Each structure stands twice: as C-alpha cells, then as structure tokens.
Amino acid sequence: MIMVQAPNEKVKDLSWQLELMVSIHPEIVQSTLTELEIPVGMGGNPSRDAKTILEYFIGSAFSGLTKFLTRLCDVLSADKPDPIIAGIIKSWLSLLSSFCDEELYSIAFDAYDLYNDLSQNEIFATNASGERERHIELFSPRALYKCGLSRGTQNPERDEYARRILEKLTISGPYRRFSFEPDVLQKLDQLKEKTANFTHVIDYVMDAVSVSIHYHKPIKITPVILVGSPGIGKSYFTNQLSQCLGVPLRKVAMDNLQIGAGLSGSSYVYSNTETGAVFKVLTEEDHISPLIILDEIDKADGNFAHGDPLSPLHNLLEPISAKTFEDASFALTIDASRIIWIATANSIDKIPPAIQSRFEIFEISSQSPDAQAAILGSICEELANEYPEIEFGKDLLGILAQRTPREQRQMLQRALSRAIRIGESKVTAKHLEQAEPGSYLSSSMRRFGFRGNPG
C-alpha cells in the first residue's frame, strides 16, 4: 500500500485524488453521492467538481466522508481499469477512509473559507512550519491516468521504466508549491553585498518575486543570460541565488550537450531512454519554479548531426508552449512555463538570434577586490559549517582572493584535507603549498580582509 505521508497532507491529497476519480469515473462518483444522499451535483469539470465535493465535506465537518470513500473503494473494486493505477487509487482511498471524520475536520477546519479564493488548478497544503500555502497543478490527474493506460508496449523494460515513473508521480502528486520564504527579499538584498557586480540582476529577480508575493501567484520572469569573462563568479552567483530563493537548482552543462535529450529527454525508441532535466526537476522536486542553469550556453555543440542541443529551448522558453511540455521519454504533459531560466556565457556571438531573443541579457563586470574577498569569506564559512572545528588563517586571503570562486573552493578543499591529514585544525598557506607545491604562493598577491571570518 502506498502511504500518504503526513496527516496535514490529507486534504491536499484528497482534493486531487477526488479529481482523478471524477475524471475517470464521473458516473460512479455521482451515483455514490446520490446513493448516500449527499446533495452535490457535478457539472462536468473534474477540478471544480472535486472542489465542490471537498467543500461540502469541509462544511459539514466531514460527516459521512469515511462512508463515502469506503463506498467508492467498494465500487472501484468491481471495476477493472489499469491494475497499477487501480491499486494506487484504492490504496489512497482506503488510507484516507481510515481516518475518522473528526480528525480530518480538525486538519481542514480553517481551510473552508480559503478554498473559495483558489483558482481551479490550485489547492491549499500545509508546509513543514505548519503554515498553509497554495500549490498549483503541474500535471492533471487524468493525464497521469492516461499514461498508466498507455502501458503495455510488449517491451518489458520499457513497461517497467514507465511503471517506476508512474509510481513516483502518484506518490508525489500533481501539485507543487510556488510560494517563497517570508525573508526571501531580505536574503536577496544580502546577496547584493556578496555579489555587487550582479546587483542589476538581483534587482530584476526581486521585482518578479515581489509581484509573485503580492498577488499570491507563481513567479513570471523572462529568462536571463549572464554574459561575462570567465572567473567573474557566475556559477557562484547562481548557487547563491538558488539558496536565497529556496527553490531547487538544476545545472545543465551546455558544452557537453550534443543533442536536446539532456533537456527534454530521449525518445522511448532507445533502449536507454531517460527523462530530461526539465521533467526530472519538476517532478522530483516540490517547487513549480525551479532554477535551471544553462551553463556556458555559447559553447553548445554546433555540430547538429545528431540533433540541435538548443532546439528544445525554442518551446521551453516560450510560456505558452512550455505550459504543455512533454518529455520525449514519458508522454505526460506538464506545465514547464514557470521555470526560472538563467544561462551563462562568455560571449553571445555564437548564440543563435532566435534563442537570444527569448532572453534578457545582462553584461556582468569583474568583481571588486572587496567583493572577491567577501566571496572567499562566504566559501570559508560554508566549509567551516561542513567541517566543524576547522578554522582558516588570514594568510589565505592574499593568495586566493584573486582566484575564481570555483578555484577558491577547490584549493581550500585540498588545503583543508591536508590539514586534517596531519592533525591540524587551522588551515593556512602552508597547507596550500603542501597540497600542491609551488602552485599557489606569490608574494605579489594582494591581501584582503575577511570581515571577521578567518583568524
């Protein structure tokens, strides 16, 4: 039996599971309502009908819900849809019906009035902090059910692959959150201090986040290209931005991408078929607006003998077409229109004009010495949190401040490993030299302060 994860998720799960039942067997749901004398009529819109049923039970303190769900399970047992989906539905309904009316009512009592404020493809769910937040539909329950019915290709490997995806999606459900943490704007302001050369980009993101928060809607933001020379901190910035926004991060190395399968999946005709980065991050994570980084988009392979690696972007970067995105490996239509896209490039000269036109282009200048030192301090803090009781000496600053953030992290990691190996807890310049003799030290390097980090 597939278990619903936590009591505070019951109402969320019940909402879309009822929608699935209404989509598949509206006549069974209506006849069950009539049989049990529940005064709810359905109008042919599965999402609206499911909410109408749920609102009725919330308004009646969930009186009769257990009986209703149990009866649906009984009727469904006599029907013969796809066995995998049928088993999952019966597990859901059986589990939900095992909770008494009073328990379900205590969970959803304060949601009754809130449901009237939702759009048709939204539900309320309770987050880890106990706060109620809106979730929006990534895919329709009916579309998932159709994917289950389409199995049976007489290819056992292909069918097993599809079955695993189906089970994962029925556990995670079709809804994803779109809200941000209450302090997201404060965190973005703080990010300006560490990455001053990205201030105009951060302001651009803050504008979009502010609209999302004010109107309780998913973020709408035109994709961004960050253009600048190597070593100015583009990768560091995107990592920090993901943490500030509190959204999942997925990086796609465009210089290694030879066909579009890395983004939109490989066709099921291949034995090693696999879903792409877009499908994975949207279905495996809990936010409708993940941050996808197209790293070094200007280095995408120009040899199109096996397909254009940039071709999926023509549709993915257009909100209208992205709303009905379908991965080549798994035929489920999902809404990919709310992804936050950021591409990095050293130059835009090799990026096709049709792709450029879909982006806002930001020129990024080099970091100031103070900003470089601030980034180094931040990396030291992260490593100190990861490896307790480790300190970093001030003599590291002059050596590493001019390096790129990637080089700084790599070099500090090696020096830290050497210090631990010889039983020392303070990482200093000597450990850099011991780890890679003669590669790092230079008397001409300037020294910068850490504002209180290494001592």
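The values are calculated or read from the model by the stated rules, or taken from the named source; none is laboratory data. Treat the numbers as computed from the prediction; the structure is a model and nothing was measured. Neighbour counts are summed over all protein chains in view; Cβ atoms, including those assigned to glycine, are modelled from backbone coordinates with ideal geometry.
Does at least one position in region 172-179 carry a residue that is of a type outside the set (Phe, Trp, Tyr), closer than 20 Å to residue 408 by Cβ and assigned to a loop (DSSP other than H, G, I, E, B)?
No, region 172-179 contains no residue that is of a type outside the set (Phe, Trp, Tyr), closer than 20 Å to residue 408 by Cβ and assigned to a loop (DSSP other than H, G, I, E, B).
Within region 346-369, take every residue that is part of a helix (DSSP H, G or I) and under 25 Å from the mean Cα position of the chain (by Cα) and give me the one that is nearest to residue 309 (Cα to Cα).
If we take residues in region 346-369 being part of a helix (DSSP H, G or I) and under 25 Å from the mean Cα position of the chain (by Cα), then 355 is nearest to residue 309 (Cα to Cα).
Working carefully through the options 373, 343, 354, find the one that is under 30 Å from residue 205 (Cα atoms), in contact with a Gly (Cβ under 8 Å, 6 or more places away or on another chain) and among the small types (Gly, Ala, Ser).
That would be 373, the only listed residue that is under 30 Å from residue 205 (Cα atoms), in contact with a Gly (Cβ under 8 Å, 6 or more places away or on another chain) and among the small types (Gly, Ala, Ser).
Is region 216-236 home to any residue that is aliphatic (A, V, I, L, M) and in a helix (DSSP H, G or I)?
So far as region 216-236 goes, no, none of its residues is aliphatic (A, V, I, L, M) and in a helix (DSSP H, G or I).
Looking at (1) under 30 Å from residue 163 (Cα atoms); (2) free of Cβ contacts under 8 Å to residues at least 60 places away in the same chain, which is the only condition residue 390 fails?
Here residue 390 meets the rest and fails (1).
Of these, 384, 371, 322, which one is within 30 Å of residue 174 (Cβ to Cβ) and crowded, with 16+ Cβ neighbours inside 10 Å?
It is 322.
Listed here are the residues, each with its yes/no results for (1) within 19 Å of the chain's Cα centre (by Cα); (2) at pLDDT 85 or above; (3) surrounded by fewer than 19 Cβ atoms within 10 Å (Cβ to Cβ).
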residue	(1), (2), (3)
162	no, no, no
166	yes, no, no
175	yes, yes, no
188	yes, yes, no
205	yes, yes, no
211	no, yes, yes
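I'd like the residue in region 19-54 that is part of a loop (DSSP other than H, G, I, E, B) and aliphatic (A, V, I, L, M) and, out of all such residues, is nearest to residue 121 (Cα to Cα).
42
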